[in-house]
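Novice: This structure is in structure tokens; I'll ask about it shortly.
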Amino acid sequence: MGKMIYKTSAKAEGGREGKVKSEDGVLDLQVAVPESMGGSGGAFTNPEQLFAAGYAACFDSALNYVAKAADKEIESKTTATVGLNAQSATDLDLEVTLDIEISGVDKDDAQKLLEKAHATCPYSKALDGNVDVTVNLK
């Protein structure tokens with residue numbers, strides 16, 4: 001294991017019908033089950049939205065990192081779509097689609113940067129072999 005450069009924690013109370021709060025209080029949100037899953041929905045977040053936001057930010061950062069290392073100036077936008085799939089009532093899994101827009105390089109260079117970012121991003125590496133992840137250059 002390498003040298004840890006950052007560490008944080010968050011606490012959940014009440015599961016999908018409760019709240020989440022980071023140790024520093026910056027993240028302090030109520031969570032609720034979405035209507036599509038039989039919940040009340042409303043103006044509350046859920047674990048899949050939080051995961052999508054984290055993955056999108058991490059991947060976009062990895063993309064910009066590998067572009068800079070390759071001496072390429074780009075602008076990018078990464079959208080992560082997280083799906084929760086029920087194999088049965090007790091067997092759930094995730095799937096992720098990353099849609100990435102890149103300007104400043106041609107399509108071939110953009111594709112190479114995407115592949116390098118996917119191999120570099122800590123979220124992508126953590127999910128490798130565990131979650132179906134589709135990466136699309138838009």
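The values are calculated or read from the model by the stated rules, or taken from the named source; none is laboratory data. Predicted, not measured: the structure shown is a model, and the values here were computed from it. With ideal geometry, Cβ positions are generated from the backbone for all residues, glycine too; neighbour counts draw on all protein chains shown.
Novice: For segment 82-99, does any single residue satisfy the condition of being surrounded by 13 or more Cβ atoms within 10 Å (Cβ to Cβ) and in a helix (DSSP H, G or I)?
Specialist: No: zero hits.
Novice: Right, another one. Restricting attention to segment 109-124, and to residues there that are touching a strand residue (DSSP E or B) at 6+ places or on another chain (Cβ under 9 Å) and aliphatic (A, V, I, L, M), which single residue is nearest to ALA57 (Cα to Cα)?
Specialist: The qualifying residue nearest to ALA57 (Cα to Cα) is ALA117.
Novice: I would also like to ask the following. Taking only pairs six or more apart or across chains, which ones have beta-carbon atoms under 6 Å, a first residue in segment 59-76 that is part of a loop (DSSP other than H, G, I, E, B), and a second residue that is not β-branched (Val, Ile, Thr)?
Specialist: Matching pairs, first to second residue: GLU73/GLY104; ILE74/ALA67; ILE74/GLY104.
Novice: Also: Can you name every residue in segment 36-53 that is assigned to a helix (DSSP H, G or I) and at pLDDT below 95?
Specialist: Within segment 36-53, SER36, MET37 meet the criteria.
Novice: Just one of GLY54, GLY39, GLY25 is farther than 29 Å from HIS118 by Cα and touching a residue at least 12 places away in the same chain (Cβ under 8 Å); which is it?
Specialist: The unique qualifying residue is GLY39.
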